[in-house]
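Report on the structure given below.
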Amino acid sequence: MDLIAFFAAANSLPDSATMALPFGIFLSYTTVMVAIKRKLRVVELYAGTGRSIEPYRSRPEFEVALLADLSHKARETYLANHEGSPYALIDLKNASAAEIERKAQGKIDILLGCPPCQGFSESGRRETDDPRNDHIVKFARTIRTLRPLGFAMENVPLAAISEQFATFRRIIEGAGYEMSAAVLNAAEYGSAQARQRLVVVGRRGRGSGLSVSLPSPTHAPIGKYFDYALGKVRDAEDRDDALLGTTSSARRAAPVLDTTFHRDINIVLPTPKLSDTIGDLPATGSPGALALAHVPYAHGPAMLAQMATVPEGGQLDTGGRYHGAAYGRLHGDGLAKTLTRYFSNAGSGRFWHPTANRSLTVREAARLQGFEDDFSFPGGAAEANTWMIGNALDKALADTSFDALMRLL
């Protein structure tokens, strides 16, 4: 049920009906009904370009109370697109919960966060004592202190098997919250990018009888897709892990997660292909392309010559000197691989355009992450834009997290 419809129906109940509800459900009902006398106030920490909070911006039930990050560039970019938004530069490593609440100018009803993932990332060193890993625990303590109605967090899959995540769960459950966590693949929720992320949602109040769950996948490869391992287009199979690009880190994380999925969506739509997402952009070099920051990165003559030898969906033979996806070309009938902040670097992964001899542009990468074309990136091909896009939360996963919290509320 839509949240507005829920409140309308709830307001129409006679007192005898609400008092007849099971006690746990009645407490959740009354908590939310008290909160709805005003808009629900939403805060995003580690905000970057504000992807987690984006689904809330257009809904009348919510007020964007605060975005917080330490990046001047991310704040400038967000404000260039959403002038006047409450975006504060805060060192979240050292900021207290009270400071965050002061910056938000009042009660926080929904707390969102994407703590730093570099220390857990499969492409990094995965050092257990990396100080950035402690932000997950800090986020849990902030939730415990601020007591929002609900929260959501995102990170890379291997965070789920970390000591910090185990501590996160203990703090959250000890503070009286119920939570659900899973590694979700954006391609199963409408993205053309096989981006896998740990998604956690939670609601204050235990034993209410209301299931804490994440929405079931809504999309799957249907028909013919390019298989990078086989190097050819083939028919998709049921729950096709090869085409979905299921990673070893996602498999390692799955056993420690106790997720339940909300099963009210029965229609499975075809996962979009790369060409569905970037195929209609204007030709590079045209005025329309320049306006969208759809500008190719400069590659050296030697690199361009090597690119010219690699077919669509293929990969440069480096003699095994680099990781498996290095110097790889995408295929229009396949899915994009997980974008990183280094997607403009020709050797950093499978980030080459399917047919042109270049890496993906800022706008192509932004589209794969779900940014609308009217979201501008001042500076175009600047390196700062590649890391903001590469670090962003895919819109498909942000929407999924939002849908989950709507059900919980």
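What follows draws every value from the coordinates through simple rules; no lab data is involved. It should be emphasised that the depicted structure is a prediction, and the values quoted were computed from it without experimental measurement. Cβ atoms come from the backbone with ideal geometry, glycine included; neighbour counts cover every protein chain shown.
Computed quantities for the displayed model
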| quantity | calculated |
| --- | --- |
| Mean shadow area of the stretch 276-332, taken as a quarter of the surface of its Cα convex hull (nm²) | 5.1 nm² |
| Estimated distance in nm for a label pair at Asp317 and Glu163, the labels positioned 7 Å out from Cα along Cα-to-Cβ | 4.6 nm |
| Rounded if a/c under 1.5, otherwise prolate or oblate - the stretch 303-409, Cα gyration tensor axes | prolate |
| Per DSSP, loop trypsin sites (Lys or Arg not before Pro) in the stretch 144-234 with at most 14 further Cβ within 10 Å | Arg206 |
| Isotropic mean projected area of the C-alpha convex hull, the stretch 148-209 (nm²) | 4.9 nm² |
| Inter-centroid distance (Cα atoms) of the stretch 353-409 relative to the stretch 182-251, Å | 18 Å |
| Percentage, to the nearest whole number, of Cα pairs in the stretch 180-244 over 17 Å apart | 51 percent |
| Sparse-neighbourhood loop sites, trypsin sites (Lys or Arg not before Pro) in the stretch 264-365 - DSSP loop, at most 16 other Cβ within 10 angstrom | Arg321 |
| About the Cα centre, charge dipole magnitude for the stretch 276-409 (Lys/Arg +1, Asp/Glu -1 at Cβ), debye | 440 debye |
| Cα gyration tensor shape of the stretch 208-260, rounded if a/c is under 1.5, else prolate or oblate by comparing a/b with b/c | oblate |
| Net length gained if the chain between Leu269 and Ile222 were fully extended (0.36 nm per residue, minus Cα distance) | 16.1 nm |
| Distance violations [Cα-Cα > 27 Å] among Lys73/Lys93; Lys39/Lys273; Lys93/Lys273; Lys138/Lys395; Lys273/Lys395; Lys138/Lys273 | Lys39/Lys273; Lys93/Lys273; Lys138/Lys273 |
| Mean projected area in nm² (Cα convex hull; one quarter of hull surface) for the stretch 136-265 | 8.6 nm² |
| Length added when fully stretched, Arg170-Ala242, from 0.36 nm per residue minus Cα-Cα | 22.5 nm |
